[in-house]
Amino acid sequence: MTLADGWEMVIGLEVHTELRTATKMFCGCANTFGAEPNTNVCPVCLGLPGSLPVLNVRAVDMAMAIGTALNCTIQRSTFHRKNYFYPDMPKDYQISQYDLPINANGFLDLSDATRVSIERAHLEEDTGKSTHLGGGGRIHGADRSLVDYNRSGVPLVEIVSGPDMRSAAQARRYASELRAVLIATGASDGRMEEGSMRIDANVSVRRSGEPFGTRCEIKNLNSLRSLYHAIEFEAQRQVALLEDGGVVRQETRHWDENVGATSTMRVKEEAEDYRYFREPDLVDLAPDDAWRARVSAGLGPLPAQRRAELLALLATATPAQRDAIDVVIDLGLERYVHAASSAGVDVGVALSRVANELAGVDDVSRLSTGAFTETLAMETRGELSATQAKAVLADLLRGDGDVSAVVAARGFEQLSGASLAETITSLIESNPDEWRRYCAGDDKLAQFFIGLVMRETRGRANGRAVVSDLEARR
Amino acid sequence: MSARELAEAVRRGERTAQSLLEASLRAIDERNDELHVFLHVDEPGARAAARLVDDRVARGEDPGRLAGVPIALKDNLCQTGVPTTCSSRILEGWRPPYSATVIDRLIGAGAVPVGKTNLDEFAMGSSTETSAFGPTRNPLDPTRVPGGSSGGSAASVAAGMTPLALGSDTGGSIRQPAALCGIVGVKPTYGMVSRYGLIAFASSLDQIGPFAADVADAALLLEVIAGHDPMDSTSLPEPAPDLLAHLDDGVAGRRVGLVRELLDGADPEIVAAVERATGVLRDAGATVVELSIPELRLGLSAYYLIAPAEASSNLARYDGVRYGLRVDGDDVTAMNEATRTAGFGAEVKRRIMLGTYALSAGYYDAYYGQALKVRTQMIEAFRRAYQRVDLLIGATTPSVAFPFGSKTNDPMAMYLSDVFTIPTNLAGEAALSLPFGRGEADLPIGVQLLGPGRSEPLLFAAARVLERVERGS
Amino acid sequence: MSDLTRDEVAHVARLARLRLTESELDLFTSQLAQVLDHAADMGSLDLVDVEPTAHPFGLINVVRDDVVRPSLSHDAVLAMAPDVEDGRFAVPRIMGEAP
Ligand SMILES: [Mg+2]
Ligand SMILES: [Zn+2]
């Protein structure tokens, strides 16, 4: 989809990412997803009277790592209170950063060679989570809501881009690249479906060359797919409205995945009055050069560089291989591809096995790069079929022993020369007509005999070995 | 007997903590109905704590520097399982699941917390009249206020119910009631005492501090509760100061500034008492100079924007969702409004409104922002003064204890009763009030000693010089 | 006299989630105006070049280690709640999503 002639989209994204710390931002409660409701809570994250916040140093480290990866200036920063009433926010204010964020003025380069500016990447705390009863689980029409504060106080970094993107595809590319960077820093798991990365999109349209139009903010997009479709829909809506002589109202909109449309959530008649002021319970954050250096040193190579290193292993990459590379980078599994490549295994196969067989596994630590390489080498030599190789990898990932043990246990060992020859002899004897035609030069019948051998041996024969045996007898 | 002597007697096994507690409970029983000092007396908890102390003595262990000493706690300090209300309907019935750091330290030193004392609602007031549960009466003249907001704690010590008490001081809430009740009250340097578990009024101004009948007891109590706490980010990263060790250092060679602005508008007897105290310090070898610090006049204006602004945010959490009062409503906003409207008294509402206004879009710069700059000027002015002198002296309050109802209909008049104490809070510095002389109706007068941050050893030594002359001991 | 209006006071009451009666609105308007009038002594000062002070002391970088500490017991947490359902804090319907 594209906009009608002469129109241009202007998109900026605000991305909230939860940080993968052991504890919450201001208290020692565990930062985990999926615990029983209201079990990871204490006086601080419940906002009990008299409780006070103390900043988690690891959250600061991670925010600085994100800032470094996004080429930001890491600066002296302060915390503010953002005041508004909401039941999932225990203190009825959010501790956030306002005029002095920890990270400012960075950028992220995309694979299409465009540069998206990063205005800021600041620290703030997450809220609790509400479940709505009645009204089909949606907030609108619900009778009552139930609040779980386990997520309250989980550290977040909010990354605000400049209004630099000009298409939904570009916005998706930015979000995807940002996600990869966040994962690479170790600060985020990038799990959009669990809400650990959430995106708000600011969308406006204008006739090319004109000043920015009025923008609408689409809240809480929780997949790259909805990000793309919501922006497309919203831009088309605004263009249609303007072409009809209407005006775009500044408002917050909600993306309904099922309907495939955005709808008004809240009209911003006047700016929200958050009454920001300095958080008196916290002091300034002023990282010195040594702290900055420590964070930089802990930061490995970023996705763009790692992606380039994998691409360099392929003469030309198919679109599917590019996708596989993205998955491998996201999961930080490229060591398997590099190991296999050094051992002479086909890189395409290695990419495909990592992106498919390893991707869905939470913990790959039981599969050594050596065992991975050995399995794929057997596959390349024809000693294992693709299906068998995948089964072997699955067993290895479960920790079922070394490669030869798994191959043996699965019965994937190839038949030795003598017993293979015996099998072929008996098959020739029971199929004399086919054998005669093959000997007379009908090469297609090789396939017929391979099929028989495979059936007879339940796949334990090496196809190439069968062919060379047949060739020798002809 | 002083708290020091009582603790020594318990440590030596000459008195039991349980006997001290029973004496305290009797004193409370005798006058609490009349004076309304305690909102809650935790008899079972106190008895268990006292027994623990006696057991330790019996086992030959040292139960600590406050062994067996009964202590009253202002009811804005959280104590596990003990009702904590801030004298507000909105927290009525709430029992915190955790204790303030100061309470842990008191218990660690062998003190026996006997109960929670009345205060102005959320510590907003200067007379204890804004308590939702009725005012506290001044033990020295029950027709008059004990001051506030820590009026209950001051009254507990003044009435002999407990030898010690803790209060909190945001704009004078320890020093002013100490002055009106004729006891010693200290506002420590900001950050010296952990605020963890103190229910916030204005976070950048609040400090917990001691009430005691004499200077040495106040010093001992402050030594016990002070010192760094990792649970409070604004806690000073240093141990408690040595106060008792320097109590008899005197003031010879010290420079004392008599501050005109800390006498302006005070009753003549109070001005006379401060001048007499100045003379005592001079006789003890101090050099006295008269000073003017005009910036102090701006303190009240800055304070009545900064404190309400912080309070408006600190008190947002009382919304009926997680704890305390809930008044039902059709939707969550209606429930929030109904709860807060029913749960807060007029003074609290007034300050929340004022603070919300001062922070709101369009007014921030003119009010809150300007007040923060005045705060800077106040700090600078004090700093310049402390280049010339080591400590300052002035009145604690403009008048002695006033009758009930005399200022309740005029918020501004009530606010003016803190005019001499507020500047110290804005500057984050130290000050104490001690009884010195008598004024109208033979009621006690408080003299205030002020010093820079961490000057407590000097302030206590100077206070001890005045106390020795006043008491002849 | 401060130019604080009754409407502004009503607006502030909404922001602060307080409901005022008509007479309270009048009373608060005049009482708040009185305090703001007193604060006019600050308004006349030229403080353009003065830095605001939000904190009495300039501590920086106060942080704690990322080490898990015990949370409160589930029972203690819910015992405080005015209304509980299914291990969670129950509230009446919420009229709009968070800003
Ligand atoms: Mg945010
Ligand atoms: Zn917590």
Exercise for review: Could you tell me whether any residue of the range A:108-115 is more than 13 Å from ligand 1 (Cβ to nearest atom), in a loop (DSSP other than H, G, I, E, B) and within 12 Å of another protein chain (Cβ to nearest Cβ)?
Suggested key: no
Point to revise | Residue satisfying condition, being small (Gly, Ala, Ser), open to solvent by 70 Å² or more (accessible area, probe 1.4 Å) and either on the phi < 0 side of the Ramachandran plot or in a helix (DSSP H, G or I) (or both), within set A:Ala290, A:Ala315 | key: A:Ala315
Review point. Residues in the range A:40-63: is at least one touching a Gly at 6+ places or on another chain (Cβ under 9 Å), within 26 Å of B:Arg322 (Cα to Cα) and either within 16 Å of ligand 1 (Cβ to nearest atom) or acidic (Asp, Glu) (or both)?
Key: no
Study note, to complete from the structure: Apart from one, (1) out of contact with any helix residue (DSSP H, G or I) (no Cβ under 6 Å at 6 or more places or on another chain); (2) in contact (Cβ under 8 Å) with a residue 40 or more places away in the chain all hold for A:Gln97; the odd one out is (2)
Exercise for review: Only residues that are open to solvent by 60 Å² or more (accessible area, probe 1.4 Å), out of contact with any helix residue (DSSP H, G or I) (no Cβ under 9 Å at 6 or more places or on another chain) and not acidic (Asp, Glu): list them for the range A:408-429, please.
Suggested key: A:Ser416, A:Ala418
**Study point:** Failed condition for B:Ile306, given (1) more than 7 Å from chain C (Cβ to nearest Cβ); (2) among the hydrophobic types (A, V, I, L, M, F, W, C); (3) surrounded by fewer than 24 Cβ atoms within 10 Å (Cβ to Cβ)
**Key:** (3)
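Can you work out which of the residues in the range A:20-47 that are of a type in the set (A, V, I, L, M, F, W, C) and more than 8 Å from chain C (Cβ to nearest Cβ) is farthest from A:Phe79 (Cα to Cα)?
A:Ala35
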Exercise for review: Considering only the range B:435-471, state which residues are in contact with a Pro (Cβ under 9 Å, 6 or more places away or on another chain) and on the phi > 0 side of the Ramachandran plot.
Suggested key: B:Gly437, B:Arg454
Study note, to complete from the structure: Of the residues in the range A:8-21 that are of a type in the set (A, V, I, L, M) and within 16 Å of A:Gly190 (Cα to Cα), the one that is nearest to ligand 1 (Cβ to nearest atom) is A:Val15
Study note, to complete from the structure: Matching residues in the range B:119-159 (in a helix (DSSP H, G or I), among the hydrophobic types (A, V, I, L, M, F, W, C) and under 19 Å from B:Ala307 (Cα atoms)) number 2
Check your understanding: Listed residues B:Gly299, B:Gly320; which is more than 14 Å from chain A (Cβ to nearest Cβ) and either closer than 29 Å to C:Phe89 by Cβ or touching a Pro at 6+ places or on another chain (Cβ under 9 Å) (or both)?
Key -> B:Gly299
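Among A:Gly195, A:Gly190, which is in the same structural domain as A:Phe107 (by TED's automatic domain parsing), touching a helix residue (DSSP H, G or I) at 6+ places or on another chain (Cβ under 9 Å) and at positive phi? It would help to see each step written out before you state the result.
Working: A:Gly195 fails: touching a helix residue (DSSP H, G or I) at 6+ places or on another chain (Cβ under 9 Å).
The match here is A:Gly190.
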Review point. Can you spot a residue in the range B:219-240 that is over 24 Å from B:Gly394 (Cβ atoms), more than 19 Å from the chain's Cα centre (by Cα) and among the hydroxyl-bearing types (Ser, Thr, Tyr)?
Key: yes
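Yes/no per residue for (1) surrounded by fewer than 20 Cβ atoms within 10 Å (Cβ to Cβ); (2) facing chain B (nearest Cβ under 7 Å):
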| residue | (1), (2) |
| --- | --- |
| C:Arg14 | yes, no |
| C:Thr21 | yes, no |
| C:Val50 | yes, yes |
| C:Thr53 | no, yes |
| C:Phe57 | yes, yes |
| C:Val67 | yes, no |
| C:Pro70 | yes, no |
| C:Ala76 | yes, yes |
| C:Arg88 | no, no |
Exercise for review: Take the range C:55-75 and flag every residue that is more than 13 Å from A:Tyr149 (Cβ to Cβ) and part of a helix (DSSP H, G or I).
Suggested key: C:Asp75
Practice item. Determine whether A:Asp5 is within 16 Å of ligand 1 (Cβ to nearest atom) and assigned to a loop (DSSP other than H, G, I, E, B). Key: no
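The values are calculated or read from the model by the stated rules, or taken from the named source; none is laboratory data. This structure is a prediction, so every number in the text was calculated from the model and none was measured. Backbone-built Cβ (ideal geometry, glycine too); neighbour counts: all protein chains shown. Ligands, DNA and RNA are stripped out before the accessible areas are found, and what is left, the full protein with its side chains, is counted by its heavy atoms. Shrake-Rupley method; radii C 1.70, N 1.55, O 1.52, S 1.80 Å.
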